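Here, each number is a calculation from the coordinates, and none is a lab measurement. Please read all numbers here as calculations on a predicted model, not as lab measurements. Neighbour counts are summed over all protein chains in view; Cβ atoms, including those assigned to glycine, are modelled from backbone coordinates with ideal geometry.
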Amino acid sequence: MKRLTFLLLAFFALTAQRDPILVPEVSQHDIEVRQGFTGTELLLYGAILDPSGSRAASQYDIVVVLKGPTDAIRLREKQKVFGIWVNANNTAFRSAPSYFAVASSRPIDEIVDERTAAIYELGLKFMQLSPIGAIDPEEQTRFKAGLVDLRERQGLYQQDMQGVTISEGVLYQARIKLPSNVQTGRYTAETFAITKGRVIASATADVDVRKAGLEGLVAQYAQDYSLFYGLFAVFLSVFMGWLAGRLFSFI
């Protein structure tokens, strides 16, 4: 009886739903970073279900945004003075994503306007940074462009405007690379279904990137017992220095 009631409620909820339903999934929910880790490739896939029974994907564009943990960051601008490069202007951002990747079924400017893209951060151009203190808009744009360029070269910021494929009018998939220098933490994959310039459905999936093996044990110990870890590091450095001195004294 309970099962029948549940099925009836699910049926009525589905038939009352007019907008499509996104069912997202990722190939790996847990990624272990061990010694010799060379990066990996995530497959983000799923289905677009239309309550009317039509092939929903043929009517919608799909955009996938994968974001890593955010950190406070200070950017410094280099300037050449008398032939020497020195630090000049600098600015700080409260929350800059350590990793940011976007894949879409078509170029973003063909899918939504700039206002909608900015709201949902659909592209590197529209990635939101929170500056600390007052900053001139032109200066903020210049520093942001510098950050994006730097992390694009590191493989940490990516953008593929043809990176989402839709098959059978229902299934979609995108492949996004995680380089070996990714930061550990929780990553969020957001999938958006868009039609006529409007986000009509969205869904999220999480991915945990964590250290494993000896590196994981050291990192966990350093985090949980920071005082003892620091004292041990100092002791080990002093001991190794003393041992090296003793060995060289016999040479």
Where does each of 93-106, 115-128 land if you order them by average Cβ count within 10 Å, highest first?
93-106, 115-128
Too long for a 28 Å Cα-Cα cut-off, among LYS78/LYS211; LYS144/LYS177; LYS125/LYS211; LYS78/LYS177, are LYS78/LYS211; LYS125/LYS211; LYS78/LYS177
Going by amide H atoms built from the backbone, whose H comes under 5 Å of the H on ASP208, apart from near neighbours?
ASP30, ILE31, TYR187
Calc'd 3J(HN,Hα), region 63-70, phi into Karplus 6.51 cos²θ - 1.76 cosθ + 1.60 (θ = phi - 60°), Hz, glycine/Pro = x, comes to 10, 10, 10, 10, 10, x, x, 9
Exactly which GluC sites (Glu not before Pro) in region 154-215 are in a DSSP loop and have at most 10 other Cβ atoms within 10 Å?
GLU168
Table column - 3J(HN,Hα) (Hz), region 152-168, Karplus curve with 6.51, -1.76, 1.60, x for Gly and Pro:
5, 5, 8, x, 8, 10, 9, 8, 10, 7, 10, x, 10, 10, 10, 10, 6
Karplus ³J(HN,Hα) for region 115-130 (6.51 cos²θ - 1.76 cosθ + 1.60, θ = phi - 60°; Hz, whole; x = Gly/Pro) runs 5, 5, 4, 5, 4, 9, 6, 8, x, 4, 4, 9, 5, 8, 10, 9
Distant-in-sequence amide H partners of ALA201 (H built 1.01 Å from N, under 5 Å)
ALA193
